[in-house]
Amino acid sequence: MIAYITGATSGFGKAIARKLAQLKYDLVITGRRKERLEELAATLQQEYQIKVLVSQYDVRDYEAVKQAIENLPEEWKNIDVLVNNAGLALGLGGIQNGDIEDWNRMIDTNVKGLLNVSHFIMPLMVAKKSGYIINIGSVAGKEVYPNGNVYCCTKHAVDAISKAMRVDMLPYGIKVSQICPGAADTEFSLVRFKGDKNAADNVYKGYKPLYAEDIADVVGYLVSMPKYVCINDLVITCTSQANSTNFYKQL
Ligand code: NDP
Ligand code: 8X3
């Protein structure tokens, strides 16, 4: 069994790679930071005796995605599970103060990047009439929150794309699930606040957030379900979070 994971250099993607390695999947792991990919590949190969292929590219780069997937060795094209995880938020503020570069990066990564990768992997699944696509959405794709505007918009797009994929893949027996996590302590906030560690740490103060391993466990559960069962959509928060805006914090 082969799983293809985008954004495996950190956070959810890295934890999902470890979980699927435990379940004896061979892995294609992708992201921009090659050193991290190589380090993870070496660790997982050694710990779980699986095969790992490193594929470095930026999901925003359509040509690079095309080359990376079309040039996979034939035996690696038999992909069973695609985890569309790569994504990011940049900034938190009103549209009137928004930075167009941030908007473009979020839209190009979270929406077009996910489409780019899916566009080249779906035909491989369609040809063999089997496969499983797991998209990482967000609670931000279910409800908007103050100052989250463009990031929320990209995750609402992931919600729509997940539903559309499920409809389009129906004749081919390809499953599509969306996982929508709430606040999780990964590098997400460090990226959102552009390296400001204090701002990032503040997001997770006063309560116990989700951790990447919690979402990886859910992926492990999803792939263990029989072929005729498809869990369409999961919203997962820590117990101290009820939705996008309501937290119980003890500061
Ligand atoms: P991290 O910042 O820890 O990980 C993000 C991953 O995405 C990295 O591996 C990064 O790799 C990759 N990535 C980002 N941009 C690109 C790009 N242009 N091309 C290729 N890879 C890219 O954050 P998380 O693990 O938290 O985020 C993973 C997903 O989960 C995202 O889609 C995020 O929106 C979503 N999410 C996060 C939540 C949270 O609270 N943490 C909650 C809900 C959803 P590299 O930089 O090496 O390219
Ligand atoms: C990440 C969760 O609520 O910080 O998608 O945007 S949130």
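For the reader, a short list of remarks on this structure follows.
- Degrees separating the helix 34-48 axis from the principal Cα axis of the chain, which is the longest one: 60 degrees
- Protein accessible area in region 1-84, 1.4 Å probe - carbon and sulfur %: 44 percent
- Taking region 2-236 and dividing mean pair separation by its residue count, relative contact order in percent (alpha carbons under 8 Å, at least six apart): 21 percent
- Principal axis box of region 99-247, alpha-carbon based, largest edge first, Å: 48, 35, 23
- Inter-centroid distance (Cα atoms) of region 223-251 relative to region 72-113, Å: 21 Å
- Phi to ³J(HN,Hα) by Karplus 6.51 cos²θ - 1.76 cosθ + 1.60 over region 228-233, Hz, x for Gly, Pro: 7, 10, 10, 7, 6, 8
- Of the chymotrypsin sites (Phe, Trp or Tyr not before Pro) in region 177-228, the ones in a loop by DSSP (not H, G, I, E or B) with at most 11 other beta carbons within 10 Å are 228.
- Given 77/129; 155/175; 14/155; 163/249; 14/197; 163/227, the pairs whose alpha carbons are separated by over 23 Å: 163/249
- Angle between the chain longest axis and helix 212-224 axis [Cα atoms, degrees, rounded to 10]: 40 degrees
- Using the 1.4 Å probe convention, the accessible area of the chain works out to 48 Å² per residue with neighbouring protein chains retained.
- Rounded to 5, the percent of DSSP beta bridges in the chain classed as antiparallel: 5 percent
- Degrees separating the helix 149-168 axis from the principal Cα axis of the chain, which is the longest one: 30 degrees
The values are calculated or read from the model by the stated rules, or taken from the named source; none is laboratory data. Model, not experiment: these values are computed from the prediction. Positions of Cβ are generated from backbone atoms using ideal geometry, with glycine treated the same way; all protein chains shown enter the neighbour counts. What goes into the accessible areas is simple: the full protein's heavy atoms, side chains included, and nothing from ligands, DNA or RNA. Shrake-Rupley method; radii C 1.70, N 1.55, O 1.52, S 1.80 Å.
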